[in-house]
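The structure appears right after this line, and notes come after that.
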Amino acid sequence: MSRRSRANKPAPAGAGRPTVTVCRGCCCGTPKIPRLDHAAQLAELRTALADSAAVRVVDCLDACEQANVVVVQPSPEGRRAGGRPVWLGLVNDRDANVDIAAWTRSGGPGLADPPDILDLYAFQPSRRVRQGVED
C-alpha cells in the first residue's frame, strides 16, 4: 500500500467508483470461519458503501489460506493517480469491515491512504490469481 500523503476526502459525485470484491466461495463465507456472520458482514459492506463503491461477490478468489478475502479496486481516477488493487485477507472481524468501508468512501487506492491497521490484512496473491480479478 502506498504511503504517499493524500487528503482523505470523499470521491466527487459522479466520478467512477472503486469496486470492493468479496470472496464467498470455497472457504470464504462458509462455516470454516467460525463465529462470523458472513451474511451480516456482506450486508454491512453493501450498506456502508451504497453511495460510494460497487460491492460485488465472487465465488472463489483462489486465496483460501487468507479467508475471508476482500479486494479493493481503485476507481478510474484512483488508477490514474497510481492506485492498484489491494488484496486484504483474514477479514474476519467487524472492525476490519469498518476500516475498509471508511477508506473506500474516502476514495480508496490511489486517492486516499488506508488506515494503518489494514497493513496487517494486506497480502500479495500470485500473479495468476491477481489477473483473474484485476482484469
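Quick look at the numbers
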| read-out | value |
| --- | --- |
| Strands (runs of 3 or more DSSP E) (entirely within region 37-135) containing at least 3 residues that are without any contact (Cβ under 8 Å) to a residue 60 or more places away in the chain and within 11 Å of the chain's Cα centre (by Cα) | 54-58 |
| Residue within region 122-131 that is surrounded by 21 or more Cβ atoms within 10 Å (Cβ to Cβ) and modelled with pLDDT of 95 or more present | no |
| R94 basic (K, R) and at pLDDT 95 or above | no |
| Filter result for the condition that a residue is basic (K, R) and within 25 Å of T30 (Cα to Cα), over R84, R105, R94 | R94 |
| Pair list, Cβ under 8 Å, 6 or more apart: region 2-29 residue under 27 Å from P125 (Cα atoms), other residue at pLDDT below 50 | R17/A11; P18/A11 |
| In region 1-25, residue farthest from G110 (Cα to Cα) [restricted to those that are part of a loop (DSSP other than H, G, I, E, B) and at pLDDT 80 or above] | G25 |
| Index of the failed condition, R35 passing every other in (1) among the basic types (K, R); (2) modelled with pLDDT under 95; (3) within 23 Å of G16 (Cα to Cα) | (3) |
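The values are calculated or read from the model by the stated rules, or taken from the named source; none is laboratory data. Only a predicted model underlies this, so the values are computations on that prediction, with no experimental measurement involved. Note: ideal-geometry Cβ built from the backbone for every residue, glycine included; neighbour counts use all protein chains shown.
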